[in-house]
Structure formats: C-alpha cells, structure tokens
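None of the figures in this text is laboratory data; all of them are computed from the coordinates on show. Just so it is clear, the structure is predicted and the values come from calculations on it, not from any experiment. Methodologically, a virtual Cβ is constructed for each residue, glycine included, from the backbone with ideal geometry; neighbour enumeration extends over all protein chains shown.
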Amino acid sequence: MIPMVDLKAEMKILREPVLKSINEVLESGHYILGEKGKELENQIASYVSCSYALGVGNGTDALYLALKALNIGHGDEVITTPFTFFATAETIAQVGAKPVFVDIEEDTYNIDPTKVREKITSKTKAIIVVHLFGRAAKMDEIQKIAEEFELKIIEDACQAIGTEYNGKRVGALGDIGCLSFFPSKNLGAYGDGGMIVTNDRKLYQKILSLRNHGSRQKYIHTNIGINSRLDEIQAAVLLLKLKHLDLFLHKRKEVAKRYTNSLQPYLKTPPAIETREHTFHQYCLEFEERDALAEHLRKNGIATAIYYPIPLHLQEAFYDLDYKEGDFPIAEKVATKILALPICPFLTIENQMEIIASIKNFLH
Ligand SMILES: *Cc1c(COP(=O)(O)O)cnc(C)c1O
C-alpha cells in the first residue's frame, strides 16, 4: 500500500541521529521543561521570526492557551471556518465562548474574508484563521477587518509551518500563532507536541504560566492553568527534524507540482499560487465521483483520505449552535468532492507515477 504519509521511510534516514539525540535526553535525566525544549523554542521563534515561542503539549492546547491568554471566555464569540480540523472550533467551546462560522473560498478552502464582516457582533473578540492544508489564508484582508473592529487574530498554523505570506512566515502575522507537531504534520514529533509563537511579551508571560498550572515559580499559583508542556524527548526529535524542514517542504512542493501538471486537465487541482504561500501539508483535488475514485485507488494499493467529510457546523458536538444544512454551501459542497492524495517528502517518483496512472486509468 502507498500510504498517505511515509513515516517509516523517514525513520530509515533519521533513525541513527534520532536515537543518539533521545539518548542524550535519557542521559541527562531531565524530561520536562529542560534545555532541549528551550533550544527548540529559540529555534522555532527564529524560524517563524517571532520574539517568543512556547512549547506545549499539542496543537489543540496551543489554541486553547491562545484563547485563554486573550481572556476569551463565556459570552464571547470567535469567528472561524467550518472547514478545518475539529480542534479549531472545539477549543473555542472549551474556553466557554461561541464559535461563529464563516464560509470558505471555493478555490483556497480558507475562510472567505468578504463574508466575515456580516458575522461580527458586539460580542466578537477574535478570529481564528486556519491556513488549511498549508496554504496561507488572505491575511491582508483579515488584518484590515481585525483592525477595524478591534479583534484579535489567532493563527491556526498547525498545518502550515514554513508557509510564507508577504515575506513573513505564518504564525507571525496575527497576535498569536499555533503550531502542531502531531507526527503526520509537516514538522512532526514522534508523539504529541505543539508550540505557540507571539511577538507580545505580556501574552508570552501569561502563557508561560498558563501552560504550567498557572505557575511561574514552583508552588506559587497566580491563576488556573493547565498542564501542557513539550517534553524533552519530543523536543530533541524536533530539533533534529527542524534542520531538514525547508528541504522537506521543498520536496512536498515538487510532489504537488507533479500532481498538478499531470492531473490538471482532468480534475479540479489546487489553483496555482505563489509557491511560497503553500507548503502542501495536503494535496487535495475535487471530483464529482470522489468515493468511486477513492475506492478504485484503494483497490490498487493507494491510500487516500478525506479532509474533511463533515463541516464543523454539521457536527453533532455543535448541535447547540443551531446551524443547519445549507448554512455554508461552499464548505458543504467541497466536503462531498474533496480527496487528498498521498504526499510527503519521501513519496518516490515511481510511486507517484503509479498514483497518477491509476487516477488516469479510472478517468478513461
Ligand atoms: C492538527 C491540527 C490541530 C491540532 O493539533 P494536535 O497537535 O493534533 O492537537 C489543530 N488545527 C488544525 C488545523 C490541525 O490540522
């Protein structure tokens, strides 16, 4: 089977240095909030060009802590997209606020800035912008709206580390940026991990405390926080993999380019873009007979995936929000047609040619 992401192929290359690095942590006897974590925070801050970075337990906690740090809670509304991973809106509900969805753009799958204004009320406090599949959202327009209505911007950059927009890396464009190191993400740990980036010293200090039981000094608790820290073993793995990140992102773009060049005449492929603005966490196409195509590929030993089959406003967990089918027609339509193909830095040209041939075979 050709998998969506070939982590075993990666392990073949990284095993030796990873074992050496993990061993250093084991020798140190220091497993949480130590030197590796600090070094990773420094390197990610510098990679994203932000003043501060904070390692946390995972990308979901990064979003939760970002909302908490901005004092968002009961009675507040937060605008976001219904076409994203569940965690984006889940964390809004976790802090007690209300997720308010805005439909997506047909071509980029990101939040449609032209539809944001009509959803803003006196209760709106922030926008969570998702750079879905690695493609930068239209931040210029979002920033203009945020300034006009004095809203905070949280970037859910969990799928988009390294993506650039107007010469800056995503995560550094809003008030707080959130990254995930889930194993299949573009920079993946060998377990859970996440990071928060910001240029705001006050927010940094607040999250420093929030991620560690509301405490900055041992056994002195100034507020109610959570336990969400990046452990030293994951930090060691990530420090190693960060060295390869730009090369790995480059390889993803090459895979994407080959897919588009071969499939563009037959299917709806991702629209062309300034290549810096997309790091291809996923390569998704759209096709009317999506399910039949997926089944054909599966039978031929090729994995595919659907991101995302049910938009968030139609999820049972958000039943209380009183949304219904038809509320976000573009997200709903895309959900029925979208199909993600295998993409990762280790997808060989031979395997990719096999995937492309199998798709063409189905179409003819
Ligand atoms: C992966 C992901 C998250 C959550 O990250 P975890 O590390 O799995 O908690 C949040 N938002 C988006 C868009 C993601 O893709």
Taking a crude spin-label model, label points 7 Å out from Cα along the C-beta direction, the Ser51 to Glu118 distance in nm is 3.9 nm
Calculated from DSSP H runs of 4 or more alone, at -39500 (n - 2.57) each and per residue, what is the 222 nm mean residue ellipticity of the chain, nearest 500?
-12000 deg cm²/dmol
I'd like the FRET efficiency for Glu35 and Glu148, computed as 1/(1 + (r/R0)^6) with the beta carbon distance as r and R0 of 35 Å, rounded to 0.05.
0.20
Under 15 Å from the Cβ of Gln205, count the other residues' Cβ atoms, weight Lys and Arg +1, Asp and Glu -1, and hand me the total.
+3
Sequence-distant lysines (8 or more away, or on other chains) whose Cα lies within less than 28 Å of Lys115:
Lys68, Lys98, Lys123, Lys125, Lys138, Lys144, Lys152, Lys168, Lys268, Lys324, Lys333, Lys337
Counted charge near Ile196, where neighbours are those whose Cβ lies closer than 12 Å (Asp, Glu -1; Lys, Arg +1)
-2
Stick to the Cα atoms of the chain, pair each with every other, and give me the Kirkwood hydrodynamic radius in Å at one decimal.
21.1 Å
Normalised by the residues of the range 245-363, what does the relative contact order come to in percent, with Cα pairs under 8 Å and at least six apart?
36 percent
Cα point-scatterer Debye curve for the range 161-231, base-10 log of I(q)/I(0) at q = 0.18, 0.23, 0.27, 0.29 Å⁻¹
-0.80, -1.04, -1.15, -1.19
Once Glu316 and Leu208 are pulled to full extension, the length gained, defined as 0.36 nm per residue separation minus their Cα-Cα distance, is 35.5 nm
Protection-proxy order for peptides 190-197, 160-167, each taking the mean of Cβ atoms within 10 Å per residue, highest first
190-197, 160-167
Within the set of other residues whose C-beta is less than 14 Å from the C-beta of Leu247, count the net charge using Lys and Arg as +1 and Asp and Glu as -1.
+2
Which distance in nm do the two modelled labels at Ala93 and Thr222 give, with both placed 7 Å along the Cα-to-Cβ direction?
3.3 nm
Please work out the FRET efficiency for the pair Ile306 and Ser28, using the Cβ-Cβ distance as r and a Förster radius of 30 Å; give the result to the nearest 0.05.
0.10
Within the range 268-364, which GluC sites (Glu not before Pro) sit in a loop by DSSP and count at most 16 neighbouring Cβ atoms inside 10 Å?
Glu274, Glu288, Glu289, Glu325
With r defined as the distance between the Cβ atoms of Met353 and Glu16 and R0 fixed at 30 Å, what FRET efficiency is calculated, to the nearest 0.05?
0.50
Pairs of Cα atoms under 8 Å, at least six residues apart: use those to get the relative contact order of the range 8-100, whole percent.
20 percent
Rank-order 227-234, 21-28 by packing density, defined as the average count of other C-beta atoms within 10 Å over each peptide's residues, highest first.
227-234, 21-28
Going by average Cβ neighbours within 10 Å, how do the peptides 123-135, 48-60, 142-154 rank, with the highest at the top?
123-135, 48-60, 142-154
Beta bridges by DSSP in the chain, antiparallel share as percent, to the nearest 5:
60 percent
State the Cα centre-to-centre distance between the range 112-141 and the range 223-282 in whole Å.
22 Å
Before anything else, pin down the relative contact order of the chain: Cα pairs under 8 Å, at least 6 apart, normalised by residue count, whole percent.
22 percent
With θ taken as phi - 60° and the coefficients 6.51, -1.76 and 1.60, list the Karplus ³J(HN,Hα) couplings across the range 105-114 in order, rounded to whole Hz; mark glycine and proline as x.
7, 5, 8, 9, 6, 9, 3, 8, x, 6
